[in-house]
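The values are calculated or read from the model by the stated rules, or taken from the named source; none is laboratory data. A quick note: this is a predicted structure, and the numbers were derived from the prediction, not measured. Heads up, the Cβs are rebuilt from the backbone with ideal geometry, glycines too, and the neighbour counts pull from every protein chain shown.
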Amino acid sequence: MHRLSWIFPHAILALLVAAPCLHPARAGDLPMDRESLVRRHEVALDRLDIESPLTVGNGEFAFTADITGLQTFPEAYINTIPLGTLAQWGWHTAPNPERWSIERFRFAEFESHGRRVGYADIPNNQRTPEIRWLRENPHRLHLGRIGLVLTRKDGGRGGTDDLGDIRQRLDLWEGVLKSQFQFEGQSVEVETVCHPVRDILAVRIASPLLRSGQLGIELRFPYGTGQTTAADWTRPQDHETRWEQAGAGTVHFERRLDADTYWVDARWTGPGRLVEVARHYYRLGPGLEQEAFEFVAAFGARRRTDPLPGFAETRSAAAEHWAWFWGAGGAIDLSASADPRWRELERRVVLSQYLTAIQCAGSLPPQETGLTFNSWEGKFHLEMHGWHAAHFALWDRLPLLERSLGYYPAILQQARGTARRQGYQGARWPKMTSPSGAESPSSVGPFLVWQQPHPIFFAELCRRGRGEAATLDQYRDAVFESAEFMASFAAWDEATRRYVLGPPLQCAQEVFPRERTQNPTFELTYWRWGLETAQCWRERLGLERCEAWDRVIAGLARPPMDGGRYLFAETAPDSYTERRWRNDHPSVTAALGLLPGPGIDPAAMRRTLDWIWTNWNWPDTWGWDYPMVAMCAARVGQPERAVDALLMDTPKNRYRRNGHNHQRPGLTIYLPGNGGLLYAVAMMAAGWDGGPDRRAPGFPDNGAWSVRWEGLRRAP
């Protein structure tokens with residue numbers, strides 16, 4: 001397992017629970033009834049819904065459960081949302097007898113302004129054994145399945161068809177999943193909760209079936225894989241589970257997968273007996289004289305010797321934490337609105353706060369499916385980091401963003417090495433990566449650049465939220481190293497007497513050919529904003545402005561235009577009618593939307609947005625595109641369109657009953673959509689630098705929307 005010493009200590013959340021939260025911006029109303037706001041959007045299921053399993057977690061650890069409150073019927077969810085038990089530290093690396101590494105990879109060379117630059121490309125998208133291994137390792141690991149064993153009176157094992165009178169509710173205010181159902185005429189009640197600062201799952205089961213011996217608990221442990229399930233159940237011979245009884249009601253499991261090791265400790269109350277059914281498969285049978293049974297399971301990268309809390313203690317800690325979470329930070333109440341869409345928008349906002357808190361607020365940047373199941377070989381993507389977590393700053397929950405920002409100094413040497421190998425200065429941050437910061441071979445990822453200014457963006461959000469003295473020294477290296485790379489990556493073009501970006505370059509709208517793409521509007525604007533912001537940091541620290549950075553700022557190419565509208569890239573066709581260029585992300589809108597748009601003409605961006613709104617292939621977009629467009633609409637004075645963008649009826653803007661943003665088969669949850677929604681809504685409510693001086697400037701001022709908010713911060 002990878003456990004990095006630089007990571008914020010897991011107990012930081014305990015400090016947050018006790019810390020007061022300031023509200024620098026309030027809407028002037030009486031304090032909200034936050035509990036009512038949250039509880040009206042609690043998830044309630046009355047049937048098996050394979051599209052909406054529910055998750056408990058704490059940002060470092062998460063457990064996704066089926067309709068029973070545990071992982072009893074994982075096969076039912078395998079093609080929708082696989083049920084996983086994942087942790088930030090839970091990684092597995094398969095054997096590597098060939099000693100493959102990105103440093104030993106044969107880089108493909110591309111022409112770039114008179115010299116050859118090597119990239120970890122995949123020619124013709126081939127998948128050699130080396131490429132497969134590098135992309136799939138390390139990968140996040142399903143740490144273990146915990147489910148119920150339901151036995152019918154005839155001795156057969158119960159299935160989903162044997163369940164009746166299903167009632168399941170995710171109590172958001174207290175952070176507990178409550179599940180009830182009937183099995184062979186007998187009631188079963190299960191409460192499932194995650195400890196707020198420890199990787200502990202606590203469960204209470206109440207049922208007459210305990211007395212009859214028809215109800216038990218099973219634990220299963222898989223091998224690792226980068227595939228969606230994060231679990232390979234077909235290779236029992238390739239991993240090891242050792243266990244020992246440690247007194248009455250306690251057992252220790254030691255798990256070994258190749259060179260990786262982790263531990264699981266289980267504790268239960270009252271009589272109970274654990275038996276090994278098969279390799280890596282265990283059953284816990286409660287005593288027959290009880291109708292209620294409680295147990296906890298603690299997962300860790302290291303063996304722990306401290307005592308485990310019981311169910312009641314864990315549930316109490318969770319209730320205290322979630323009451324604090326919802327009572328602190330930002331809140332938005334839309335219930336007085338006349339527009340009937342208010343409830344759906346508010347539902348998405350509330351559930352997205354919960355989901356990003358348990359999936360995207362950990363010590364590593366999250367993968368796009370968080371801690372639920374694997375996507376893209378179980379790795380995370382740094383260009384998505386902002387969509388996942390930047391909103392925490394605007395919702396006055398800045399420490400939840402900062403928990404993952406230590407990742408950048410941790411991989412700084414790796415990022416510097418990539419830049420030096422390619423002939424650049426500073427640090428070039430990877431795209432698809434893991435705790436080590438190593439690149440993954442790809443025909444797209446190594447050529448992306450829009451993640452390079454991200455550390456500057458995050459650091460500036462921190463400075464605005466906490467003040468200069470607390471942040472300038474802490475983040476200066478990440479800011480300056482990012483700016484060094486950005487300035488050196490911009491190439492001087494003697495023919496046009498300007499600095500240009502690319503080629504090669506893969507812009508955020510990934511349909512453009514990397515070998516020919518030059519000067520995409522969003523990336524140019526982000527470069528300008530990032531370098532100027534880095535210069536401001538130098539001045540705040542009492543340093544002189546960097547002359548090389550100023551040369552690039554002054555000479556950087558202007559965003560390309562055609563017919564009074566911004567082109568997505570300078571190498572885009574002269575006409576907007578080319579079908580291909582209407583696909584994927586309309587990222588040009590981020591130049592004046594996510595960003596404050598230095599060098600962007602609002603009138604021209606308004607015309608650009610008008611064209612996009614009418615002509616774009618919306619089914620081909622992604623979940624974060626709608627908040628991105630909404631922010632652009634708000635900044636150019638189209639608040640009605642901003643709301644319409646957030647609620648656009650298109651396949652990838654669907655939010656399931658559990659609050660997850662559905663994209664397509666295989667990518668059935670997409671947390672960048674949830675995080676992007678929260679950033680956009682906060683900006684639309686609290687405003688942005690230089691925005692209109694009115695209440696909720698990003699919402700229509702037409703009497704249809706009543707926007708009450710507390711504790712939000714203005715966007716840059």
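Computed quantities for the displayed model
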quantity	calculated
Options 529, 549, 537, 581; residue that is of a type in the set (A, V, I, L, M, F, W, C) and at pLDDT below 95	581
Residue ID - surrounded by the most Cβ atoms within 10 Å (Cβ to Cβ), chosen from residues in the stretch 329-375 that are touching a Gly at 6+ places or on another chain (Cβ under 9 Å), of a type in the set (Val, Ile, Thr) and closer than 20 Å to residue 683 by Cα	356
Subset of the stretch 589-600 that is not hydrophobic (A, V, I, L, M, F, W, C) and not in a helix (DSSP H, G or I) - its residue that is farthest from residue 716 (Cα to Cα)	599
Test for residue 428: is it part of a helix (DSSP H, G or I) and charged (D, E, K, R)	no
Some residue of the stretch 390-399 being aliphatic (A, V, I, L, M), buried (at least 24 other Cβ atoms within 10 Å of the Cβ) and either touching a Pro at 6+ places or on another chain (Cβ under 7 Å) or assigned to a loop (DSSP other than H, G, I, E, B) (or both)	no
Residue list for the stretch 280-300, filter: among the hydrophobic types (A, V, I, L, M, F, W, C) and surrounded by fewer than 18 Cβ atoms within 10 Å (Cβ to Cβ)	288, 292
Helices (runs of 4 or more DSSP H) fully within the stretch 601-716 counting 1 or more residues that are touching a residue at least 60 places away in the same chain (Cβ under 8 Å) and of a type outside the set (Gly, Ala, Ser)	625-635, 639-646, 671-686
Test: residue in the stretch 23-36 that is touching a helix residue (DSSP H, G or I) at 6+ places or on another chain (Cβ under 9 Å), at pLDDT 95 or above and not hydroxyl-bearing (Ser, Thr, Tyr)	yes
Verdict on residue 565 being basic (Lys, Arg) and assigned by TED's automatic domain parsing to the domain that holds residue 503	yes
Residue list for the stretch 206-231, filter: surrounded by fewer than 20 Cβ atoms within 10 Å (Cβ to Cβ) and within 24 Å of residue 63 (Cα to Cα)	206, 218, 227, 229
Yes/no for residue 408 being outside any loop (DSSP other than H, G, I, E, B), over 15 Å from the mean Cα position of the chain (by Cα) and either at pLDDT below 95 or crowded, with 23+ Cβ neighbours inside 10 Å (or both)	yes
Criterion violated by residue 633 - all others in (1) under 18 Å from residue 565 (Cα atoms); (2) out of contact with any Leu (no Cβ under 7 Å at 6 or more places or on another chain); (3) of a type in the set (Gly, Ala, Ser) satisfied	(2)
Test: residue 65 is in contact with a helix residue (DSSP H, G or I) (Cβ under 7 Å, 6 or more places away or on another chain) and either surrounded by 22 or more Cβ atoms within 10 Å (Cβ to Cβ) or at pLDDT 95 or above (or both)	no
Residue check for residue 406: in contact with a strand residue (DSSP E or B) (Cβ under 8 Å, 6 or more places away or on another chain) and closer than 24 Å to residue 671 by Cβ	no
Residue identified as exposed (fewer than 15 other Cβ atoms within 10 Å of the Cβ), of a type outside the set (Val, Ile, Thr) and in contact (Cβ under 8 Å) with a residue 40 or more places away in the chain among 198, 127, 115	115
Condition check for residue 143: of a type in the set (A, V, I, L, M) and not in a loop (DSSP other than H, G, I, E, B)	no
Qualifying residue in the stretch 297-304 (condition: touching a Pro at 6+ places or on another chain (Cβ under 8 Å) and closer than 20 Å to residue 59 by Cβ)	no
Sole exception among (1) surrounded by fewer than 19 Cβ atoms within 10 Å (Cβ to Cβ); (2) in the same structural domain as residue 662 (by TED's automatic domain parsing); (3) of a type outside the set (Gly, Ala, Ser); (4) in contact with a helix residue (DSSP H, G or I) (Cβ under 7 Å, 6 or more places away or on another chain) for residue 320, by number	(2)
Residue that is nearest to the chain's Cα centre (by Cα), among those in the stretch 664-683 that are buried (at least 24 other Cβ atoms within 10 Å of the Cβ) and among the hydrophobic types (A, V, I, L, M, F, W, C)	671
Residue 368 being under 24 Å from residue 102 (Cα atoms), touching a strand residue (DSSP E or B) at 6+ places or on another chain (Cβ under 8 Å), not in a loop (DSSP other than H, G, I, E, B) and not β-branched (Val, Ile, Thr)	no
Selected residue (criterion: nearest to residue 369 (Cα to Cα)) from residues of the stretch 596-641 that are among the charged types (D, E, K, R) and buried (at least 24 other Cβ atoms within 10 Å of the Cβ)	625
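Results for (1) in contact with a Gly (Cβ under 7 Å, 6 or more places away or on another chain); (2) in a loop (DSSP other than H, G, I, E, B), shown as yes or no for each residue.
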| site | (1), (2) |
| --- | --- |
| 495 | no, yes |
| 499 | yes, no |
| 512 | no, yes |
| 537 | no, no |
| 545 | no, yes |
| 580 | no, no |
